[in-house]
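Visitor: One structure coming up, written as structure tokens, with questions to follow.
The values are calculated or read from the model by the stated rules, or taken from the named source; none is laboratory data. What you see is a predicted model; the values in this text were computed from it and never measured. Heads up, the Cβs are rebuilt from the backbone with ideal geometry, glycines too, and the neighbour counts pull from every protein chain shown. The protein model used for the area step is the full one, side chains on, heavy atoms only, and it has no ligands, DNA or RNA in it. Shrake-Rupley method; radii C 1.70, N 1.55, O 1.52, S 1.80 Å.
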Amino acid sequence: MKLYPKLILDALEKVRYPGTGKDLVSAGMIEDDIRIEGMKVSFSIIFEKPNDPFIKSVLKAAETAILTYINPDIEIKGNIRAVAPEPIHPEAEKLLPGVKNTIAISSGKGGVGKSTVAANLAVALTGLGYKVGLLDADIFGPSQPKMFHVEDARPYMTDVNGRELIQPAENYGVKLLSIGFFVNKNDAVLWRGAMASNALKQLIRDANWGELDYFLIDLPPGTSDIHLTMVQTLGITGAIVVSTPQEVALSDARKGISMFTGEKINVPVLGLIENMAWFTPAELPENKYYIFGKEGCKRLAEELNVPLLGQIPIVQSICDGGDSGRPVALNPETITGAAFRALAENIVSKIEERNRNQAPTQKVEITVK
Ligand code: ADP
């Protein structure tokens, strides 16, 4: 029997890649390098990640398919090549070389607690020992200066290796810049479109953020050009969407998620955070009242196949902490502080997992037989 490449492809078409459910050929995983010498066959299978959990099983299935459907005497030599995906916005990645991970925090609508979550998450991450920066990009209501009790801070210019840079304010170990430092709170809302985008770009590019493990961006609610600018200006590691379990909030959260995953922005969604998940009165600590509905975010997360990163209850101390400029996450031994610490730990492990899977391109060669 004479072997030719089409026969090999026909056999490989019978093998499905479990990650996508597509067969290896239509998934584009078979390199155009099939070589045949007598009864010896060699070819390459491309995997996107060097540590793809399916490498071994796919390889075995490919081998079996060729031996079963063509000829059991064939000798197979296969290469497995793992190709790391190209960064989506490569030009953005170099902008802040000292920043390891950039997380965009957004919400579909205002008032769901996005800024509260961003502030507490920043504090919880410093509590875990990470270097954290927070950019308050919410032009519609820059509230981080108040939440960090630095409303009166006046960021000054500093010389860093011959460059004049804006020195962020700092409290609780978090470096902070806010559009609120530069405009009167009541005028900020007039900053739309290009003007706001340019101001924010400057707060990223021309600021002394230094070395950061996590750079959090508190985005304006909804979907706007600002979101696009932020993504194009920065290589965003992932986006987080905050919502309450209420129907109107959920439908906007859904829009927010599809904006991030859409072609124009194309940023991985790390997950959803359900804020105001339930209310527990101090005098009845066992009781949970689902004021805005029960587990709405959990259902949305399941439906859209994104992780639910955490559920934060409605507690007066969270609100008071925001108003007094002392985020509850400063006290991880309290129930609310612990909730934000658990959230931070969960996000860190999601990001670390993602970063591991995006290890640099690596060629793995495995001889099948
Ligand atoms: P957003 O940034 O989405 O507009 P904020 O973070 O400013 O929302 O929160 C809106 C209001 O709700 C604030 O007064 C804040 O203190 C309060 N708040 C947010 N989350 C909680 C919570 N889990 N428990 C109690 N109050 C909260």
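Visitor: The conditions are (1) more than 16 Å from the ligand (Cβ to nearest atom); (2) at pLDDT 95 or above; (3) within 23 Å of Ile139 (Cβ to Cβ), and Gly322 fails exactly one of them. Which is it?
Guide: Going through the list (1) more than 16 Å from the ligand (Cβ to nearest atom); (2) at pLDDT 95 or above; (3) within 23 Å of Ile139 (Cβ to Cβ), Gly322 breaks only (1).
Visitor: For Phe292, state whether it is within 30 Å of Val150 (Cα to Cα) and either in the same structural domain as Ile240 (by TED's automatic domain parsing) or within 11 Å of the ligand (Cβ to nearest atom) (or both).
Guide: Considered against the rule, which asks whether it is within 30 Å of Val150 (Cα to Cα) and either in the same structural domain as Ile240 (by TED's automatic domain parsing) or within 11 Å of the ligand (Cβ to nearest atom) (or both), Phe292 comes out as no.
Visitor: Evaluate the following for Ile45: is it in a strand (DSSP E or B), within 25 Å of Asn355 (Cα to Cα) and of a type in the set (Val, Ile, Thr)?
Guide: Spelling it out, Ile45 is indeed in a strand (DSSP E or B), within 25 Å of Asn355 (Cα to Cα) and of a type in the set (Val, Ile, Thr).
Visitor: Something else: Out of the range 4-27, which residues are in contact (Cβ under 8 Å) with a residue 24 or more places away in the chain, farther than 15 Å from Thr68 by Cα and in contact with a Ser or Thr (Cβ under 9 Å, 6 or more places away or on another chain)?
Guide: Pro18
Visitor: Taking the range 293-321 as the search range and keeping residues that are in contact with a Pro (Cβ under 6 Å, 6 or more places away or on another chain) and in a helix (DSSP H, G or I), which one is farthest from Asp252 (Cα to Cα)?
Guide: Residue satisfying both the conditions and the ranking: Gly321.
Visitor: Filter the range 265-286 down to the residues that are away from the ligand (no atom under 16 Å from the Cβ) and in a loop (DSSP other than H, G, I, E, B), then identify the one that is most open to solvent (accessible area, probe 1.4 Å).
Guide: Checking each candidate, the answer is Glu286.
Visitor: When you look at Glu170, is it closer than 20 Å to Ile318 by Cα and more than 10 Å from the ligand (Cβ to nearest atom), yes or no?
Guide: Here the answer is no, as Glu170 does not meet what is asked.
Visitor: Here is a further query. Inspect the range 243-254 for any residue being in contact with a helix residue (DSSP H, G or I) (Cβ under 7 Å, 6 or more places away or on another chain), surrounded by fewer than 23 Cβ atoms within 10 Å (Cβ to Cβ) and more than 15 Å from Arg299 (Cα to Cα) and give the result as yes or no.
Guide: No, there is no match, as no residue in the range 243-254 is in contact with a helix residue (DSSP H, G or I) (Cβ under 7 Å, 6 or more places away or on another chain), surrounded by fewer than 23 Cβ atoms within 10 Å (Cβ to Cβ) and more than 15 Å from Arg299 (Cα to Cα).
Visitor: Select from the range 204-225 the residues that are open to solvent by 10 Å² or more (accessible area, probe 1.4 Å) and in a helix (DSSP H, G or I) and write down the one among them that is modelled with the lowest pLDDT. Steps first, please.
Guide: In the first step, residues of the range 204-225 are kept if they are open to solvent by 10 Å² or more (accessible area, probe 1.4 Å); the result is 205-206, 208, 210-211, 213, 221-225.
Filter again for in a helix (DSSP H, G or I), leaving 205, 225.
Values: Arg205: 90, Asp225: 78.
In this case the residue turns out to be Asp225.
Visitor: Then there is this: Looking only at residues in the range 130-164 that are assigned to a loop (DSSP other than H, G, I, E, B), touching a Leu at 6+ places or on another chain (Cβ under 9 Å) and among the charged types (D, E, K, R), which one is nearest to Pro221 (Cα to Cα)? Before you say what the answer is, go through the steps one by one.
Guide: From the range 130-164, those assigned to a loop (DSSP other than H, G, I, E, B) are 130-131, 137-143, 148-156, 161-162; that's our starting set.
Narrowing the set further to residues that are touching a Leu at 6+ places or on another chain (Cβ under 9 Å) leaves 130-131, 137-139, 148, 150, 153, 155.
Restricting the remaining residues to those that are among the charged types (D, E, K, R) gives 131, 138.
Working: Lys131: 26, Asp138: 7 Å.
By that ranking, first place goes to Asp138.
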